[in-house]
Protein chains: 2
Amino acid sequence: MLTFEIEKKSTDSRARTGSIITAHGEIPTPIFMPVGTLGSVKAVSVEELKQCEARIILGNTYHLYLRPGCEVMTHMGGLHKFMNWDRPILTDSGGFQFFSLAKLAKFSREGVNFQSHIDGSRHLFTPEKAVDIQMVLGSDIMMSLDWCIPYPANEKETMAALEKTTLWARRGRDHWLEKGGVNNLFGIVQGGMYAHLRALSAQQLIELDFPGYAVGGLSVGEPTDLMYEMADHTVPLLPHDKPRYVMGVGTPENLVEMVGMGVDMFDCVMPSRNARNGQLFTGRGTINISNARFRMDENPIDDACNCYVCQNYSRAYLRHLYKTRELLSYRLNTIHNLHYYLNLMERIRQSIKADQFSAFKKEFFSQLNHKELNR
Amino acid sequence: MLTFEIEKKSTDSRARTGSIITAHGEIPTPIFMPVGTLGSVKAVSVEELKQCEARIILGNTYHLYLRPGCEVMTHMGGLHKFMNWDRPILTDSGGFQFFSLAKLAKFSREGVNFQSHIDGSRHLFTPEKAVDIQMVLGSDIMMSLDWCIPYPANEKETMAALEKTTLWARRGRDHWLEKGGVNNLFGIVQGGMYAHLRALSAQQLIELDFPGYAVGGLSVGEPTDLMYEMADHTVPLLPHDKPRYVMGVGTPENLVEMVGMGVDMFDCVMPSRNARNGQLFTGRGTINISNARFRMDENPIDDACNCYVCQNYSRAYLRHLYKTRELLSYRLNTIHNLHYYLNLMERIRQSIKADQFSAFKKEFFSQLNHKELNR
């Protein structure tokens, strides 16, 4: 079972820094988790993840269940050994993928009957099965199966999904405890964009006493202000002595804002996916490396960056690799972006430790050159 | 100017081992040169190339001329600096690409007028320009512009191409010497599948006194026996005290055979291209990693291999990455194949030093499990 220790609380925000201790080691918080959907953070090696100071990565239960499947994962001794990653792994439950990816998913109180997006085969996922699969994967932090809804959704739909999410959270938790309560299972707060439903969902899940809590159903197309409003409302309702995780978020600005709301954990495909589209993060905003102005630019992506890419390669070379679709392009861009995100979190943690988070946040936003932003 | 020293000659074959010394360091021979068409050996980093013991890589003049182009290459200070590779680079002349890739290439005594395969723009390449571009790239070993012909070709066509190749070799050499004779320029023997034309081409080029000689126009679709016959006939005609390079060859078996004919240098896209198609080399033949029998195979690609991939990953994981088209798949497969090729050359060199090349060759072929071959 996970240990969560808070080291320091900010005096002028809800930001806090601490550490989560798992069977695969310690995770300093607040933390960003690179996404390794299919047992690989796209385009980078585990050594490169460690060079970027990744302390925990995320795997996707839905994807890994379909490929390579539980038989292979069982035989190969779990995801850590399979992919040669010895630090913690968090896996989502599949809930979001049923909502976004699976074909013809039919939701019932029992679970989700869905068709694979790969070969059309039919499968049933239940809250119990979601736990079983994540136990096969050997996740350090497992997530409860939740019922995701689109944005916008009316109050009735939202309430119905919330009720199912609570029901499934209870069934998953009971099953997990019956199986010995190994590793950790987090609950996921739903409730859409309705503050009172967020509060209700949080209250119901807190009664189930999970080792940690996530806020799901954000960053699904709603305006940024509304996302902030929901997070700012929901996060303080969650137990202060347990890790709090906002799923699928977000931009560097989102991370800084939400740390200030008391969030401890984040994941997002943005640094890796955007890298593959040529968008690179810097302290002064993003650049797109395909831009013609970089054609003969001998400078690194970011003068202030000490990542492997910025220490060794010019913007001109990175532009050339990107324009010619060289595989090395995706790797180098991803290394830089992950380093940017993970280094940002390190700077955030340091600022909280020094009780300078608000000053850090002010400086962070003042340095962003909004003219260059391309979000 | 290049120094070539022969350290040891085999007593029962024409194999020899030695070293080529260039401005960017020493190259032990016989050597295999990984192909880095566009300023990147596809899917791998320069650090990984060094871990695989790559001592020299190849760049493609035609491709680099079109992208990023000479203006960028001049501004960025040449290919070594651009791609962060501090060991020797050999560049081809573009001759083969005009033959295989450029649209509507029109050959004349003056040179080649061709249309870019990227954007259809028209360009003129001359023997002088081929040297100029390679000087901009800063190649340690430049190749003369040659006139390639398809297989089969009749004697008249072959003779005409040979004559132009000699004319261009002379013009390129004169231009190179006028420009100061920096780095090195090799001549390329043509002559198709006609032994007497191979001899004629070799004789004409030897008169031009190049620092090294290549045999071009092999591995263009002819039967393997015919390729061997031509190489075996041509290579001994070339100066024994200069490096001898057979271009675009080949399989591991080809390399072993041709080392025995006295060849010192090889290049081929096979280890990297086949890696991206899932074909992996082992001492007992090739395997295709997509094969269902590897689904739960915990073993490395090759038990006897000490490459990074075989030390860290199972066939099951590599199959999973390949089947899911993860970018890491192309990298890991390429590292293994390049390591196989470069390690094979190291073993060949050791065997020649010990005057055991013929025994090595016999053992090499006996270990290949021809049932598993998939060429």
Point to revise | Matching residues in segment A:56-70 - criterion: being within 12 Å of chain B (Cβ to nearest Cβ) and either more than 15 Å from the chain's Cα centre (by Cα) or more than 11 Å from A:LEU137 (Cβ to Cβ) (or both) | key: A:HIS63, A:LEU64, A:LEU66, A:ARG67, A:PRO68, A:GLY69, A:CYS70
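Let's see how each residue does on (1) among the charged types (D, E, K, R); (2) within 16 Å of the chain's Cα centre (by Cα):
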site	(1), (2)
A:SER219	no, yes
A:THR251	no, yes
A:VAL256	no, yes
A:SER272	no, yes
A:PHE294	no, no
A:GLU298	yes, no
A:ASP303	yes, no
Check your understanding: When you go through B:PHE107, B:PHE96 one by one, which is the residue that is buried (at least 20 other Cβ atoms within 10 Å of the Cβ), assigned by TED's automatic domain parsing to the domain that holds B:ILE149 and over 24 Å from B:LEU328 (Cα atoms)?
Key -> B:PHE96
Revision key, fill the gap. Counting only helices (runs of 4 or more DSSP H) wholly inside segment A:302-355, the ones holding at least 3 residues that are within 30 Å of A:ALA15 (Cβ to Cβ) are A:308-312, A:327-353
Check your understanding: Restricting segment B:79-114 to residues that are of a type in the set (Ser, Thr, Tyr) and modelled with pLDDT under 95, which is nearest to A:GLN311 (Cα to Cα)?
Key -> B:SER93
Review point. Restricting to segment A:140-161, what's the tally of residues that are among the small types (Gly, Ala, Ser) and in contact with a helix residue (DSSP H, G or I) (Cβ under 7 Å, 6 or more places away or on another chain)?
Key: 1
Check your understanding: Within segment B:297-304, is even one residue touching a Phe, Trp or Tyr at 6+ places or on another chain (Cβ under 9 Å), of a type outside the set (Ser, Thr, Tyr), in contact (Cβ under 8 Å) with a residue 60 or more places away in the chain and crowded, with 23+ Cβ neighbours inside 10 Å?
Key -> no
Check your understanding: A:VAL136 fails exactly one of the following numbered conditions: (1) outside any helix (DSSP H, G or I); (2) in contact (Cβ under 8 Å) with a residue 60 or more places away in the chain. What is the number of that condition?
Key -> (1)
**Study point:** Unique residue being surrounded by fewer than 20 Cβ atoms within 10 Å (Cβ to Cβ), under 19 Å from the mean Cα position of the chain (by Cα) and closer than 30 Å to A:GLY216 by Cα when the list is A:ASN337, A:ASN343, A:ASN277
**Key:** A:ASN343
Point to revise | Output for segment B:91-111, where each listed residue is touching a residue at least 12 places away in the same chain (Cβ under 8 Å) and over 27 Å from B:PRO34 (Cα atoms) | key: B:PHE107, B:ARG109, B:GLU110, B:GLY111
Review point. Being away from chain A (no Cβ under 13 Å) and either farther than 26 Å from A:ARG276 by Cα or under 26 Å from the mean Cα position of the chain (by Cα) (or both), is that true of even one residue in segment B:320-332?
Key: no
Exercise for review: Could you pull out the residue among B:LYS81, B:LYS42 that is within 20 Å of B:PRO252 (Cβ to Cβ), of a type in the set (Lys, Arg) and assigned by TED's automatic domain parsing to the domain that holds B:ASN254?
Suggested key: B:LYS42
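Conditions tested, residue by residue: (1) closer than 23 Å to B:PRO28 by Cβ; (2) more than 14 Å from every other protein chain (Cβ to nearest Cβ); (3) among the polar types (S, T, N, Q).
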| residue | (1), (2), (3) |
| --- | --- |
| B:ASN288 | no, yes, yes |
| B:TYR308 | yes, no, no |
| B:ARG315 | no, no, no |
| B:THR334 | yes, no, yes |
| B:MET345 | yes, yes, no |
Exercise for review: Could you please let me know if B:LEU280 is assigned to a helix (DSSP H, G or I), of a type in the set (A, V, I, L, M) and either under 28 Å from B:THR37 (Cβ atoms) or not assigned by TED's automatic domain parsing to the domain that holds B:PHE32 (or both)?
Suggested key: no
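The values are calculated or read from the model by the stated rules, or taken from the named source; none is laboratory data. Predicted model, so just to flag it, every value in this text is computed and none were measured. Here Cβ is always computed from backbone atoms with ideal geometry, including for glycine, and neighbour counts include all displayed protein chains.
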